[in-house]
Structure formats: C-alpha cells, structure tokens
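Reviewing the structure listed below.
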Amino acid sequence: MGRLIDIRWPELDVTVVAELADEQNPEMCEEFWQDLPFKVLQAHPVVSGESLYAWTPTISTAPVKLRERLIDCPVGRLRYSQATGNKFSVQYGKSTETLAQPVLGMVLPEHHETLRKVGRTIWNNVFFEKEMMFVEVSPHHAAEAFRGKGRFAGLRGVAAEFHAEAKRIQTVEPEDLRRIRLGEIGDTGNYGQYFTAWDFANGMLRDYIMYTAYPLLKLVDTLSPKDFVAAVEAFDPAYSEYLGFSGLTTLMEFSGKLRKAIRETEDREELRQLMRCFILYGNRLCAWSYHYFPWYLGMFFGRRVNGHDFPGRWHPTFEKRGEA
C-alpha cells in the first residue's frame, strides 16, 4: 500500500484522501513526498478535459516506470507531469488528450463524487471568475512526514536567491505579472491596446520555462559542462530578453545571473541546483500567468456542444437536463 496524502481546497472547505503510487513510481513519489506540505494556486486545464492541476514546488527528474494516457485515466487518478511544468493533476471526469503522463496515485473511491463538484467550481474560477483558490497537499498521517533536509537544503549564492523568490511568490502574485495584466507596461502593445503583449508574454513564458528550461536541466547529466553552458547560451537570451521587454524584468535579471553562474562552475550538482531553482521560480510565474490570463474571451469563440448557450461557462442545469 502506498503512503496516504490529504488534498484540501481551503476556500471550498473540502478535503479528499489519496494513495501514492509508491510501488509503481517509487522515485517520483519520494521526490513529491519530500516537498510536502505545500500550498499553491489551483488551476484547471483549458483544452484537455476534466481534471485539475497545479504547479508544485517540486522539480522532479526521477525515473518513471508507469505512465497512463489521459483518455484512459479513471476518475480519481493522480498524475505528475515532469515535462509540462512539474504539475500535479487530479482526474475528476473525462479527458480528451491522448498523451501519457506519469502515474502518481489515486484518490480513495469514497471521495470521487466530491472531486466532480470541486472540478466544476475550479473550472468556472479559472475560466471566468479569477478568485484566489488554492490547493494544500500534506501527509495524511503527520507522523510520517519527511524529516530530512530535502533536495533544496544548503543552497547558496544565486540558487538560494532564485529559491527564496520562488517561495515568496508561491501564494502572492508577482508585481511584474500584475503590471502586465493591467497594461502598465507602456512600451508594449501597439496603438493603445496591450492584450497582444499580454498574450505573447503568457505563451512565451510557458515555452521558455516548461519546454526549454526543463529539458536543459536534463541535459546537465548528458553534456559536458562546457557544452551545457553553450546550450543555455543558445536558447536562453531570445526568451529572457523578450520577456524582459514585456515586463518580466526580474526574470530577465535572474536569467542573466543564471548564465553567469553556470559559466563559473563545472560541478554537475551545482549546475543541477542552479537550474532547478531557476525553473522553480519560473514555474511560479507560469502558475500566476495562467491563473489571470483572460480565458473567458473563449466565450466569443464557442461551439454549440451539449446545449451550452453560453460557451465556456458550466452551469448545474446542464447536468440536471442530462446534457453534461
């Protein structure tokens, strides 16, 4: 039997219990366990169906033995996607994507009906309402909590600076992102509008951190230190300089510090820590950018599906009519 965790949504006063897949993916579950407890923004996918996800304060590179396609995931399935932002997911209904993600565990059956109610509420919040709604994950039995130093112990220099800022903005919106979404970056966006600048920044941030920086972290073990530095120098500036122009000045400053720090060491563990902490900070930016992005604009680009006269919004009358 795997270790038990509590998953709590404090704003909804709801808690469910889940079992980790300790036998199927032991190394990944252990990395996840070592970073408990945590509290982060609760998100919901906007393209792949009925699940919840959240960017965790974990950067996992553990080997994975068991993956499952999203369309095959049962209600209650826990997933942990290392490659798409180190996101922790909870399945509450049907998914539509065919890609496979690592299995993290399973919510106990007696809580499955509760998950559906939580999922609908979070969807409306992410898509339209934009309230601050968090998820808290902790060991079910406090006595079993990890007591070691953890993988982020003993940080120094710029790695410690990245980590400290990541922790600070875990539950507080970064000022740089707030200014972008309010249109307070005066040089971005043509002819008085700033939605285009906001859209570009949101998309490029996602590509930079989740699909470029994380793969670079995995190259630490396969490239020589010299070649690793060359890879970072080749990929990083195009992202960080544009995002700095868009208003993410702290991110641009941190990327400069990262490149300088990796040029000054050949120690692979130090390179890993630098990249982990930088990505940890970047993931927090991704979480906040995703939360406040105006997905509700999708209501103007709707398809008539299951009687949804107001595309994008979920309303309980759909289920009452048997149309959900």
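At-a-glance table
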quantity: In segment 163-172, residue nearest to Phe278 (Cα to Cα) [restricted to those that are among the charged types (D, E, K, R) and surrounded by 13 or more Cβ atoms within 10 Å (Cβ to Cβ)]; calculated: Glu165
quantity: Selection count where residues are closer than 25 Å to Thr250 by Cβ and among the aromatic types (Phe, Trp, Tyr), scope segment 116-161; calculated: 2
quantity: Spans of helices (runs of 4 or more DSSP H) in segment 199-271 with at least 3 residues of a type in the set (Phe, Trp, Tyr); calculated: 225-246
quantity: Selection within segment 48-84 - more than 22 Å from Gly2 (Cα to Cα) and free of Cβ contacts under 8 Å to residues at least 40 places away in the same chain; calculated: Ile71
quantity: Residue within segment 250-262 that is closer than 30 Å to Asn125 by Cα and not hydrophobic (A, V, I, L, M, F, W, C) present; calculated: yes
quantity: Looking only at segment 133-162, and only at residues there that are touching a helix residue (DSSP H, G or I) at 6+ places or on another chain (Cβ under 8 Å) and under 17 Å from Phe32 (Cα atoms), the one that is surrounded by the most Cβ atoms within 10 Å (Cβ to Cβ); calculated: Phe152
quantity: Meets criteria (part of a strand (DSSP E or B), within 22 Å of Val118 (Cβ to Cβ) and not assigned by TED's automatic domain parsing to the domain that holds Val220) for Leu36; calculated: no
quantity: Filter result (in a loop (DSSP other than H, G, I, E, B) and either of a type in the set (Lys, Arg) or over 19 Å from Ser60 (Cα atoms) (or both)) within segment 3-32; calculated: Arg3, Pro10, Glu11, Leu12, Asp13
quantity: Segment 130-168, residues that are closer than 27 Å to Thr15 by Cβ, part of a helix (DSSP H, G or I) and at pLDDT 95 or above; calculated: Ala166, Lys167, Arg168
quantity: Set Val75, Val90: member being in the same structural domain as Glu19 (by TED's automatic domain parsing), at pLDDT 95 or above, crowded, with 22+ Cβ neighbours inside 10 Å and among the aliphatic types (A, V, I, L, M); calculated: Val90
quantity: Verdict on Arg156 being within 24 Å of Ala261 (Cα to Cα) and of a type in the set (D, E, K, R); calculated: yes
quantity: Members of segment 225-246 that are farther than 23 Å from Ile180 by Cβ and aliphatic (A, V, I, L, M); calculated: Val229, Ala230, Ala231, Val232, Ala234
quantity: Failed condition for Val64, given (1) surrounded by 23 or more Cβ atoms within 10 Å (Cβ to Cβ); (2) under 21 Å from Leu280 (Cβ atoms); calculated: (1)
quantity: Residue ID - farthest from Leu4 (Cα to Cα), chosen from residues in segment 173-194 that are among the hydrophobic types (A, V, I, L, M, F, W, C) and surrounded by 12 or more Cβ atoms within 10 Å (Cβ to Cβ); calculated: Ile185
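The values are calculated or read from the model by the stated rules, or taken from the named source; none is laboratory data. Bear in mind the structure is a predicted one, so any value in this text is a computation, not a measurement. Positions of Cβ are backbone-derived with ideal geometry, glycine not excepted, and every protein chain shown enters the neighbour counts.
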